[in-house]
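The values are calculated or read from the model by the stated rules, or taken from the named source; none is laboratory data. No experiment lies behind these values; they were computed from the predicted model shown. Neighbour counts are summed over all protein chains in view; Cβ atoms, including those assigned to glycine, are modelled from backbone coordinates with ideal geometry.
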Amino acid sequence: MAQIVAAMAMTHSPGLTGWFDRASEEYQQLALGATAEMRRRLEAARPDVLVMFSNDHLLNWPMNNTPEYTVGIAEAHVGPADWFDEWLGMEKYRVPGEPGLARFLVNEGARRGLALAHLGGEMQFDDGISVPTHYLNPDARFRLVPVTMNCTVPPIPRPERAYWVGIVLREVIRAYPAPLRVAVVATGGLSHEPGGPRYFWVDEDFDRWFLDLLKLGDHERLLRECTLERLEAAGSGGTAELLAWIVALAFTRGPADVLAYMPAVAWRSGTGMVAWTELAA
């Protein structure tokens with residue numbers, strides 16, 4: 001059976017690769033140190049596969065037909081998508097997939113009441129998958145199963161729904177009949193409002209409040225207090241990407257280690273990296 005060996009989360013702001021040096025030297029060093037620590041923890045956990053939760057920025061699906069969740073089932077994943085490579089300042093990358101596990105998520109998820117869309121080699125990747133891949137898997141050592149979600153088009157799933165999805169996926173991964181070691185990586189957030197009137201703004205108070213909730217490790221309190229309305233108030237169309245973190249939260253127990261936080265207006269996003277040391281039983 002598959003084993004879950006690590007869980008972590010990070011911001012995927014395109015500024016982290018596309019215009020990294022526009023932030024202060026202090027923020028640059030914090031980001032590099034935190035992502036290096038995430039990579040160190042991944043190497044120590046020795047996963048075969050990264051299941052990466054992110055959001056779809058309307059790249060793969062039209063606005064009037066956006067699935068709640070989509071699983072990438074291809075043999076290999078190639079990114080960034082055309083045009084995004086220049087914007088992100090990245091060369092094309094190719095990461096092997098794990099189609100057996102990916103298809104199992106779709107099929108077994110359906111049997112457990114969770115309908116998941118899927119895409120093969122046509123799946124496109126922007127900053128959501130590409131930025132964390134750049135920092136955490138640049139040598140394609142770990143195979144990849146991308147799971148993207150709708151955090152943009154109403155109706156956006158509520159945090160309690162995202163947490164339930166995480167519970168289902170946690171149990172589905174554990175039921176996979178192969179001895180894979182799986183790490184979970186959530187990407188998105190923190191506070192930002194892409195292209196909106198508050199584009200050049202970061203809600204530092206919200207970010208620190210959310211990270212403090214993760215440090216407490218009280219899942220029930222976080223779900224009670226971190227409502228969708230609170231997420232949207234901290235940056236419409238962007239901050240709700242933290243729903244991917246809440247999916248990953250369901251794989252954990254206890255407090256998260258906050259490795260870094262930067263209210264980086266230069267990167268157009270509150271920027272943070274966290275890792276959990278305890279996994280759900």
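Structure above, values below:
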item	result
The range 94-113, residues that are more than 22 Å from GLY79 (Cα to Cα) and among the charged types (D, E, K, R)	GLU108, ARG111, ARG112
Qualifying positions in the range 233-262 - surrounded by fewer than 18 Cβ atoms within 10 Å (Cβ to Cβ), over 30 Å from GLY89 (Cβ atoms) and of a type outside the set (A, V, I, L, M)	ARG253, GLY254, PRO255
Qualifying residue in the range 188-200 (condition: at pLDDT 95 or above, of a type in the set (A, V, I, L, M) and out of contact with any Gly (no Cβ under 6 Å at 6 or more places or on another chain))	no
Strands (runs of 3 or more DSSP E) completely within the range 62-108 that count 1 or more residues being touching a Lys or Arg at 6+ places or on another chain (Cβ under 9 Å) and more than 20 Å from LEU180 (Cβ to Cβ)	76-79
Given (1) more than 24 Å from ALA162 (Cα to Cα); (2) in contact (Cβ under 8 Å) with a residue 24 or more places away in the chain, index of the condition ARG40 fails	(2)
Residue in the range 11-25 that is farther than 20 Å from ALA264 by Cβ and of a type in the set (A, V, I, L, M, F, W, C) present	no
Which listed residue, of VAL274, VAL265, is more than 19 Å from GLY217 (Cβ to Cβ), buried (at least 17 other Cβ atoms within 10 Å of the Cβ) and hydrophobic (A, V, I, L, M, F, W, C)	VAL265
Unique residue being of a type outside the set (Phe, Trp, Tyr) and either loosely packed, with under 15 Cβ neighbours inside 10 Å or under 18 Å from the mean Cα position of the chain (by Cα) (or both) when the list is ALA110, ALA74	ALA110
Which numbered condition ALA115 fails, given (1) in contact with a strand residue (DSSP E or B) (Cβ under 9 Å, 6 or more places away or on another chain); (2) within 20 Å of ALA183 (Cα to Cα); (3) outside any helix (DSSP H, G or I)	(2)
Selection within the range 16-51 - among the hydrophobic types (A, V, I, L, M, F, W, C), within 23 Å of TRP276 (Cα to Cα) and not in a helix (DSSP H, G or I)	VAL49, LEU50, VAL51
Subset tally (residues that are farther than 16 Å from ALA280 by Cα, surrounded by fewer than 19 Cβ atoms within 10 Å (Cβ to Cβ) and either in contact with a Pro (Cβ under 6 Å, 6 or more places away or on another chain) or among the aromatic types (Phe, Trp, Tyr) (or both)) for the range 170-202	3
Counted residues, the range 231-272 - those being touching a Gly at 6+ places or on another chain (Cβ under 9 Å) and either part of a strand (DSSP E or B) or among the basic types (Lys, Arg) (or both)	15
